[in-house]
Amino acid sequence: MKTYLKKINLETKKQFEIVDITVTVQAAVIESGIKTGIAVVFCPHTTAAIRLNHNEPLLMQDFMKSLYRLLPIDISYSHDLFEVRQNIAPNERSNGHAHVKSFLLGSSESLIVEQGAVLLGSKQSIFFVELDGGRSREAYVRIMGE
Amino acid sequence: MKTYLKKINLETKKQFEIVDITVTVQAAVIESGIKTGIAVVFCPHTTAAIRLNHNEPLLMQDFMKSLYRLLPIDISYSHDLFEVRQNIAPNERSNGHAHVKSFLLGSSESLIVEQGAVLLGSKQSIFFVELDGGRSREAYVRIMGE
Amino acid sequence: MKTYLKKINLETKKQFEIVDITVTVQAAVIESGIKTGIAVVFCPHTTAAIRLNHNEPLLMQDFMKSLYRLLPIDISYSHDLFEVRQNIAPNERSNGHAHVKSFLLGSSESLIVEQGAVLLGSKQSIFFVELDGGRSREAYVRIMGE
């Protein structure tokens with residue numbers, strides 16, 4: 001059995017931004033030399049997420065509009081009550097909304113590696129979903145198999 | 001270490017439909033001969049999802065009603081503005097709502113294989129969640145272990 | 001290749017409760033002796049979920065408030081129409097809302113094991129999300145690797 005780990009460095013520019021990391025994940029599988037197994041795509045941040053979907057520009061607006069409609073930025077989040085919170089970091093942001101969005105979406109997706117590539121549908125891309133950018137971000141890909 | 005891949009073919013009939021694939025996934029574990037490991041259930045479509053829950057008929061209505069209430073079919077989705085989109089397939093549907101539902105739910109679940117079976121709670125079933133049917137669909141199960 | 005399975009027993013006290021299981025999951029990796037691989041955290045219940053986020057007390061209120069706003073407890077869920085449902089257990093609860101919340105969040109997260117520990121962001125904790133407590137609950141961690 002072989003294992004391989006790739007760290008992906010990202011620079012996001014906007015509060016909400018979807019970064020397509022499909023090519024980088026597929027490259028990681030080739031680098032790993034693994035032909036058959038699984039790939040875990042993991043987000044180590046609490047205001048970002050990993051999701052798969054169709055990379056169609058107008059659809060990116062729908063993801064954004066729907067998330068902001070369900071979890072608006074202009075309602076009260078207790079996480080943003082800096083007057084009562086403890087242990088606040090000096091660079092802390094008002095980002096309660098982004099934590100809840102990340103909580104709803106999820107931090108990982110598990111993919112199938114077959115014939116030396118991630119098995120994806122013809123319309124499917126792998127997304128790093130930024131919910132509180134712009135920032136320096138990371139995603140990880142763990143590949144495991146033979 | 002052994003790996004096994006099963007492709008599950010499905011025919012959905014309705015726009016929203018939950019297909020219980022538990023028996024097929026459990027059969028895949030038996031076919032694999034793997035006793036201890038993991039099983040990744042994966043959806044290669046961008047208007048469908050994989051989820052686990054209780055297969056109780058009235059609850060299926062609640063999943064449907066809640067998703068349609070949160071992401072209604074009668075509001076505007078930019079993905080459906082065919083007058084401004086590029087590269088539209090001839091058989092393209094107005095399915096922005098279904099992409100967002102799929103994005104919210106997720107494309108994979110990772111399960112535990114123990115004593116030659118998927119470890120599930122007594123009320124737990126594995127669902128392929130159709131959000132833009134009826135169509136020919138696929139789900140994949142990757143089993144890995146010993 | 002090695003595999004290891006840990007069952008985590010929990011006692012929740014409130015209807016909505018987030019239990020931080022990070023320390024227990026990290027201990028399981030040490031017990032497993034596995035240095036490099038993956039860890040699947042799995043919830044075998046249909047009214048609970050597994051998620052990762054920042055364990056900040058006020059943020060826990062935001063997760064709760066947002067889920068109850070999106071999926072209120074005081075609207076009608078078909079699952080709770082005991083007058084029409086079949087095969088109702090003697091101790092059945094009116095918990096349609098909790099099933100839908102669990103369906104939305106998800107039953108598993110896949111984590112990366114590296115250098116003998118789960119790779120997590122500095123703000124990231126692993127949560128068992130109780131949506132219909134208080135109850136005796138279980139979570140499972142499957143570790144696989146070398």
Handout entry: Pair list, Cβ under 9 Å, 6 or more apart: segment B:106-130 residue small (Gly, Ala, Ser), other residue surrounded by fewer than 19 Cβ atoms within 10 Å (Cβ to Cβ) and assigned to a strand (DSSP E or B)
Key = B:Gly121/C:Glu138; B:Ser125/B:Asp20
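Going through C:His99, C:His54 one at a time, which residue ends up being of a type outside the set (Lys, Arg) and in contact (Cβ under 8 Å) with a residue 60 or more places away in the chain? Quick ask: steps written out before the conclusion?
Numbers: C:His99 fails: in contact (Cβ under 8 Å) with a residue 60 or more places away in the chain.
The conditions single out C:His54.
Restricting to segment A:8-37, name every residue that is farther than 12 Å from A:Val113 by Cβ and over 13 Å from the mean Cα position of the chain (by Cα). Break it down into steps so the answer makes sense when it comes.
Of the residues in segment A:8-37, the ones farther than 12 Å from A:Val113 by Cβ are A:8-24, A:27, A:31.
Across segment A:8-37, the qualifying residues are A:Lys13, A:Lys14, A:Gln15, A:Val23, A:Thr24, A:Ala27, A:Glu31.
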Exercise for the section: Answer yes or no as to whether C:Ser32 is surrounded by 18 or more Cβ atoms within 10 Å (Cβ to Cβ), over 21 Å from A:Ala49 (Cα atoms) and within 13 Å of chain B (Cβ to nearest Cβ). Expected result: yes
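Residues in segment B:10-27: is at least one within 13 Å of chain A (Cβ to nearest Cβ) and at negative phi?
We begin by selecting, within segment B:10-27, every residue within 13 Å of chain A (Cβ to nearest Cβ); these are none.
Scanning segment B:10-27, I find no residue that is within 13 Å of chain A (Cβ to nearest Cβ) and at negative phi, so the answer is no.
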Handout entry: Tabulated pairs, segment C:5-34, first over 21 Å from C:Arg135 (Cα atoms), second acidic (Asp, Glu) and at pLDDT 95 or above, C-beta under 8 angstrom, 6+ apart or interchain
Key = C:Leu5/B:Glu114; C:Ile34/C:Glu146
Exercise for the section: For B:Glu92, state whether it is at pLDDT below 95, among the acidic types (Asp, Glu) and under 30 Å from A:Ile18 (Cα atoms). Expected result: yes
Handout entry: Residues of segment C:7-21 satisfying the condition of being assigned to a strand (DSSP E or B) and open to solvent by less than 40 Å² (accessible area, probe 1.4 Å)
Key = C:Ile8, C:Leu10, C:Glu17, C:Ile18, C:Val19
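The values are calculated or read from the model by the stated rules, or taken from the named source; none is laboratory data. Bear in mind that the values here come from a model prediction, so they are computed numbers and not experimental data. Note that we place each Cβ from the backbone using ideal geometry, even for glycine, and neighbour counts take in every protein chain shown. Accessible surface areas use protein heavy atoms only, side chains included; no ligands, DNA or RNA. Shrake-Rupley method; radii C 1.70, N 1.55, O 1.52, S 1.80 Å.
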